[in-house]
Amino acid sequence: MLTTLGLAVFVVYATIRSFVRTAYWVEEYHYLTPFYSPCVSASCVPGARHFGTWVGELPMWIPLAFLSLPFLLGFRLTCYYYRKAYYRSIWLAPPACAVAEPHARYTGETRLPLLIQNSHRYFFYVALVISAINTYDAIVAFHGSGGGFGFGLGNLILVGNVLLLWAYTVSCHSCRHVTGGRLKHFSKHPLRYRIWTAVSRLNTRHMQLAWTTLGTLMITDFYIMLVASGTISDLRFVG
Ligand code: FES
């Protein structure tokens, strides 16, 4: 029940926020919420278009981050940890080891729709690009109200979120396979072995990182929404 509730809270929050189109950009400090990045349409406020304007005005039913959201959703939905969680808690296939499941036949991930789970590695490649975009957004946000360098609580939140997103992405099981999979002799590939060892270490924390990043994404968006709407002002250290 907790797993279901946790995922439901995130899905509801992210869906509402992705469509409201308000309070996603703080002009003064160049804070852009990750739920609206990259913002590449004419519907985005000009300052938030870090990568230019690729398309014209979007109808209200298309989220401004239409380029990243489907892939991020696909990345999370097909994640090995979330699979385990929702197969057990929601789909009951199987509910646990040695517990009979309510479905008549078990076909695993060999048929549609669960066959789609095999696309996870491709979502992983796109997630790497999106993490790089979020990193760029976090760097651009070191902006003072009068121009030049600035630094506030929003920067700490943005940078903390992006670091954890990298940790979650790199700890992915597909990343383990990309770095060290299909090798017969680790001794012949010392660099890949080192990287694989580091990724494997992080991989043991994948579940914690999956939950933590759901939380940090919501906190980052919520904080930027409060500052952008003028509900609170950013705590500034410099600029
Ligand atoms: Fe969770 Fe790849 S296994 S993101």
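If you stretched the chain out fully between Tyr13 and Leu156, how much longer would it get, using 0.36 nm times the residue separation minus the C-alpha to C-alpha distance? Walk me through the numbers before you get to the answer.
Details: separation 143, 0.36 × 143 = 51.48 nm, distance 2.21 nm.
My answer for the length gained is 49.3 nm.
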Work out how much length Glu101 to His50 would gain on full extension: take 0.36 nm times their residue separation and subtract the Cα-Cα distance, in nm to one decimal. 13.5 nm
Rounded to the nearest 0.05, what FRET efficiency is calculated for Thr22 and Ile90 with R0 set to 30 Å and r the Cβ-Cβ distance? 0.40
Which cysteines does the chain leave without a neighbouring Cys Cβ under 4.7 Å? Cys79, Cys97
Ordered by packing density, taken as the mean number of other Cβ atoms within 10 Å over each peptide's residues, highest first, how do 147-156, 103-112, 75-84 rank? 75-84, 147-156, 103-112
Modelled label-to-label distance, Phe66 and Glu109, 7 Å Cα→beta-carbon offset: nm? 3.0
Let me check I have the definition right: for the chain, take the eigenvalues of the Cα gyration tensor, multiply each by 5, take square roots. What are those semi-axes in whole Å, largest first? 35, 23, 17
Grab the beta carbon distance between Met207 and Phe149, set R0 = 45 Å, and tell me the FRET efficiency rounded to 0.05. 0.75
Could you derive backbone 3J(HN,Hα) for segment 48-64 from the dihedral phi with the Karplus parameters 6.51, -1.76 and 1.60 (θ = phi - 60°), listing whole Hz in sequence and x where the residue is Gly or Pro? 7, 7, 5, 10, x, 10, 8, 9, x, 4, 9, x, 4, 7, 9, x, 5
Can you compute the FRET efficiency between Glu57 and Leu226 using 1/(1 + (r/R0)^6), with r the Cβ-Cβ distance and R0 = 22 Å? Round to the nearest 0.05. 0.20
Checking Met207, Met60, Met218 against a Gaussian network model of the chain (alpha-carbon springs below 10 Å), the top fluctuating residue turns out to be Met60
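Below 8 Å, C-alpha to C-alpha, sequence gap of six or more: please give me the relative contact order for segment 76-139 in percent. Intermediate results must be reported in sequence, preceding the final value.
Working: 30 pairs, mean separation 14.0, N = 64.
Computed value for segment 76-139: 22 percent relative contact order.
Every read-out reported here was derived from the displayed coordinates using simple, explicitly stated rules and does not represent laboratory data. Here the structure is a predicted model, which is why all the values come from computation and not from measurement. Note that we place each Cβ from the backbone using ideal geometry, even for glycine, and neighbour counts take in every protein chain shown.
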